[in-house]
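Structure record follows, encoded as structure tokens.
The values are calculated or read from the model by the stated rules, or taken from the named source; none is laboratory data. Model, not experiment: these values are computed from the prediction. Cβ atoms come from the backbone with ideal geometry, glycine included; neighbour counts cover every protein chain shown. To get the accessible areas, we keep the full protein, side chains included, count just its heavy atoms, and leave off ligands, DNA and RNA. Shrake-Rupley method; radii C 1.70, N 1.55, O 1.52, S 1.80 Å.
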Amino acid sequence: MRWTVHGERTLHDTPWVRLRSLDVERPDGTRGDYHVVRLRDVAVTAAVDGQRRVLMMWRHRFVTDTWGWELPMGLVEEGERPEDAAARELEEETGWRPDSLRELIYAQPAGGITDSQHFVFRADRATRVGEPTERNESDRLEWIPLADIPGMIARREIVSSATLVGVMALLLDLRAWAALLEA
């Protein structure tokens, strides 16, 4: 059931979005064009404090005209390691610097149409180093109790796929650690 790519041509190209037409051969032997959106990778940080809270941003997404809670995230720059991008974005967007990061989960949000990769990291300690330098990212920052996350998801207060993947992985990660401690 493997598809074969025989060629690729550019339909639209910007620093943000690259639309390509791929000449593909499907598993049944038919051949045709398939459009793909090539996007830069995204790094996300779930910063958790000692009170079992996660640092989140309340923000407006103008494309969908919706408000919601999100984890700090941003694009991985060329030549930048995803964990370095995650630390940079956390500090730029929140004013908090992670002491260390560990990979929490990896995701491909829409592998059938885009090649974007999402790298989600967890920081168990972060230090407040100042005000956010990115002034266009959020209306406010809050440390949200992890126990509140499922209700926020149910009420559609968290809808960003990168954030959903991150907070759900965080909740699973915490349950796994709790189970190990109880054993």
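The table below gives the values:
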item: Inter-label distance, nm, simple model (7 Å from Cα along the C-beta direction), R26/D41; result: 3.2
item: Accessible surface of the stretch 4-159 [probe 1.4 Å, protein heavy atoms]: carbon and sulfur percent; result: 49
item: Å² per residue, accessible surface of the stretch 1-145 at 1.4 Å; result: 59
item: Charge sum, other residues only, whose C-beta stays under 13 Å from P15's C-beta, Lys/Arg counted +1 and Asp/Glu -1; result: 0
item: Degrees separating the helix 161-182 axis from the principal Cα axis of the chain, which is the longest one; result: 50
item: Extension gain, H12 back to S100 (0.36 nm per residue minus Cα-Cα distance, nm); result: 27.8 nm
item: The stretch 1-47, relative contact order in percent, only Cα pairs under 8 angstrom and at least six apart counted; result: 32
item: Calculated FRET value between D115 and E80, using beta carbons and R₀ = 30 Å, to 0.05; result: 0.95
item: D33 paired with D148, simple spin-label distance in nm, labels 7 Å along Cα-to-beta-carbon; result: 4.9
item: Full-stretch length increase - E131, W67 - with 0.36 nm per residue and alpha-carbon distance subtracted; result: 20.8 nm
item: Average projection area in nm² (convex hull over Cα atoms of the stretch 35-183, one quarter of hull surface); result: 9.9
item: Residues D124 and V5, FRET efficiency given R0 of 25 Å [Cβ-Cβ distance, rounded to 0.05]; result: 0.05
item: Relative contact order %, the chain, counting alpha carbon pairs below 8 Å whose residues are six or more apart; result: 22
